[in-house]
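See structure below.
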Ligand SMILES: [Fe+2]
């Protein structure tokens, strides 16, 4: 089937999701308004941008990674984009067509796995740690890139951690990189996850295999000063399902949820598991912190998922609103003290001021859905929640513009929490072009401080972790 026909049959290949097929460097982009003089540094955002499509079963999670970089330098902005040149990408580029089946091409996928053919796609996050820029995925290989977005090499922290979560956490106090993997080949078929801590130099200083109540899609987790928290939601993961032509992931609502809380340097047996009868799902965790024996955790969460849900078909219109939700756990009593929905507007892709990762925070920023029913995929507003003051501000982009995850950048290294800027890619459906919108994080509802005009579409991007990228000097 021609690529055009595949695109027309799949929502993940249309509009904001449609891939671009060029790499470019554009200097001195047009700016409406001003780029704040404090904003100097690099924004790296990565998303799925398939070079070729295998079939109409294409799913957003498996497109080749493309990184988009905006460099801010003394009031000017430059743009660069590059593919991550994985082995999969290079092999397919050489032959001029897709080779690797997607996970919804179940028969072909099983055959390829049996032949030892695994894609090494990385498309979910770019992290900056120990002077290395690493592109990461949900358990796949890790690729190191340079500041100019050239792909350097496959990267491993250690031989027994070939890949890791797309959402490691960097402790701003110790600069430790805290990470795990549930899809590494040695644990993929067991109820185990691999847990690792690297010090600020990137050297592994702790590792532990942790038993979990059941194997789930463990996309994200949280850290506090003393603990790590593994949220286990009943979207279970079992690669053996491929043998029955089923999806690897399955909604099993009867299992309920578990929250594993373990000392940061703990062992598997130190992990306490707190059960929640209510089934629900959070893909992204906001963050967490401690107060005495209490652990407070926020996530974008839905308890509205039908028992027969199947969230991994490409034409599935039935997505579910996610709401900012707060849990309070008592670690000593091993109970959930409270669980409360903070707002009634669907949101996803939460961010905080990352200098407060693991510590008490008051400001949460999310991508919200006001005009669409395709929750979790189409966002048209940025919301700032001031948790302490029970207030929120909304920047509504309107029905013709879609946005993605916001990134908070502090005004400077010592500015108070929340004093800074939100950087947001926004896609205009009418012009088929994108802007990088700069909002004042304390006045999200006001007009943008600056709008950087990009003369083409920046397809939907997932994440950026930019703890240090904005303190670089030129
Ligand atoms: Fe994610």
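The values are calculated or read from the model by the stated rules, or taken from the named source; none is laboratory data. If you're wondering where the values come from, they're calculated on a predicted model, not measured in any experiment. Neighbour counts run over all protein chains shown; Cβ positions are idealised from the backbone, glycine included.
Has region 56-65 got any residue that is at pLDDT 95 or above and out of contact with any helix residue (DSSP H, G or I) (no Cβ under 7 Å at 6 or more places or on another chain)? Within region 56-65 (the criterion being at pLDDT 95 or above and out of contact with any helix residue (DSSP H, G or I) (no Cβ under 7 Å at 6 or more places or on another chain)), the answer is yes, since at least one residue qualifies. When 136, 122 are checked against the criterion of being within 14 Å of the ligand (Cβ to nearest atom), closer than 18 Å to residue 49 by Cβ and without any contact (Cβ under 8 Å) to a residue 40 or more places away in the chain, a single residue qualifies: 136. Within region 306-326, not a single residue is without any contact (Cβ under 8 Å) to a residue 40 or more places away in the chain and touching a helix residue (DSSP H, G or I) at 6+ places or on another chain (Cβ under 7 Å). The residues in region 274-294 that are in contact with a strand residue (DSSP E or B) (Cβ under 6 Å, 6 or more places away or on another chain) and assigned to a loop (DSSP other than H, G, I, E, B) can be counted, and the count is 2. Of everything listed in (1) farther than 20 Å from residue 370 by Cα; (2) in contact with a helix residue (DSSP H, G or I) (Cβ under 9 Å, 6 or more places away or on another chain); (3) modelled with pLDDT of 95 or more, the single unmet condition for residue 452 is (2). Counting the residues of region 222-261 that are modelled with pLDDT of 95 or more and within 18 Å of residue 105 (Cβ to Cβ) gives 0.
Only one of 300, 271 is closer than 27 Å to residue 124 by Cβ and within 16 Å of the ligand (Cβ to nearest atom); which?
300
Summed over region 145-165, residues that are surrounded by 15 or more Cβ atoms within 10 Å (Cβ to Cβ), modelled with pLDDT of 90 or more and away from the ligand (no atom under 16 Å from the Cβ) total 6. Checking each residue in region 316-335 for being more than 27 Å from residue 380 (Cβ to Cβ) and buried (at least 17 other Cβ atoms within 10 Å of the Cβ) picks out 327, 329, 331. Reported count of residues in region 336-365, each being within 16 Å of the ligand (Cβ to nearest atom), outside any strand (DSSP E or B) and crowded, with 22+ Cβ neighbours inside 10 Å, is 1.
In summary, strands (runs of 3 or more DSSP E) completely within region 376-423 and bearing 1 or more residues that are crowded, with 21+ Cβ neighbours inside 10 Å and in contact with a helix residue (DSSP H, G or I) (Cβ under 6 Å, 6 or more places away or on another chain) occur at 401-403, 407-410.
Being within 16 Å of the ligand (Cβ to nearest atom) and either under 23 Å from residue 282 (Cα atoms) or in contact with a helix residue (DSSP H, G or I) (Cβ under 6 Å, 6 or more places away or on another chain) (or both): is that true of residue 127 here?
Yes; evaluated as a whole, the condition is true for this residue.
Considering region 144-255, the qualifying strands (runs of 3 or more DSSP E), each wholly inside and each with 3 or more residues that are touching a helix residue (DSSP H, G or I) at 6+ places or on another chain (Cβ under 8 Å) and touching a residue at least 24 places away in the same chain (Cβ under 8 Å), run over 204-211.
Here residue 87 meets each of (1) in contact with a strand residue (DSSP E or B) (Cβ under 7 Å, 6 or more places away or on another chain); (2) surrounded by fewer than 16 Cβ atoms within 10 Å (Cβ to Cβ) with one exception, condition (1).
Residues in region 90-108 that are surrounded by fewer than 21 Cβ atoms within 10 Å (Cβ to Cβ) and modelled with pLDDT under 95: 103, 104, 105, 106, 107, 108. Listed conditions (1) part of a strand (DSSP E or B); (2) surrounded by fewer than 17 Cβ atoms within 10 Å (Cβ to Cβ) are all met by residue 297, apart from (2).
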